[in-house]
Amino acid sequence: KQINVEEPFYGNLFSKYSSVNGCNLLSNNFSEPYMEPEFSFRIKEDINIANAPFTFDQIEDLTDTVMASVEIVDFRFNKELKNIGINNLISTNAASEYWIKGLKEFRLNEINLSNHHVKVFINDKLKEEGNSSNVLGNPLNSLLWLVNKLSLKGEPLLKDYVVSTGTCTVAIPLEKNYKVRVDFANMGNIDFQFI
């Protein structure tokens, strides 16, 4: 809704542009950055796309763990978010710029993915709250959509791939000298500084 797009879309995450909890990000490396708290999943085994379309239960079985994460998106356009358009987003790898992983991974049965609360603090003040249910009702639905979409294109997800499934809050603008803490409740915090 925030970017006026009616359907999911996706890009790629690269290990070169990712880090773990506690990192510092240099503001000079970004143009118009926003942060998005997300639930990410590790794929358990190579997915046989000949079995597509998959069901929700099958996706649960193909998923090894879930982890807290934060994606930094960078829009690079001189437009309001709602006016960027899906074609521009796709052309810039879904605006994905950086990804931060939490320190611990959890089995799916340890986390209520239909109702998991998240809080974002900036410079120790509560900035935003969200819930896993904001991601298509359950972030696994986002993963299900992606697996089926890629299967139609003949592109399997492989063992140990990590998929980040979309923000559970509005996208939050980042500014220099922000100290950020994202509280994922029993999944732990993600802390980083934007310097």
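Every read-out reported here was derived from the displayed coordinates using simple, explicitly stated rules and does not represent laboratory data. On a predicted model such as this, the values are computed, not experimentally measured, just so you know. All Cβ positions, even for glycine, are placed from backbone atoms using ideal geometry, and neighbour counts span all protein chains on display.
Key figures for this structure:
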item	result
³J(HN,Hα), Karplus 6.51/-1.76/1.60, whole Hz, each residue of the range 170-187, x for Gly, Pro	5, 5, 10, x, 9, 10, 4, 6, 7, 9, 10, 10, 10, 9, 9, 6, 5, 8
Reduced Cα scattering model of the range 140-195, Debye log10 I(q)/I(0), q = 0.16 Å⁻¹	-0.74
Counted charge near Phe192, where neighbours are those whose Cβ lies closer than 10 Å (Asp, Glu -1; Lys, Arg +1)	+1
Alpha carbon convex hull of the range 89-189, projected area averaged over orientations, nm²	7.7
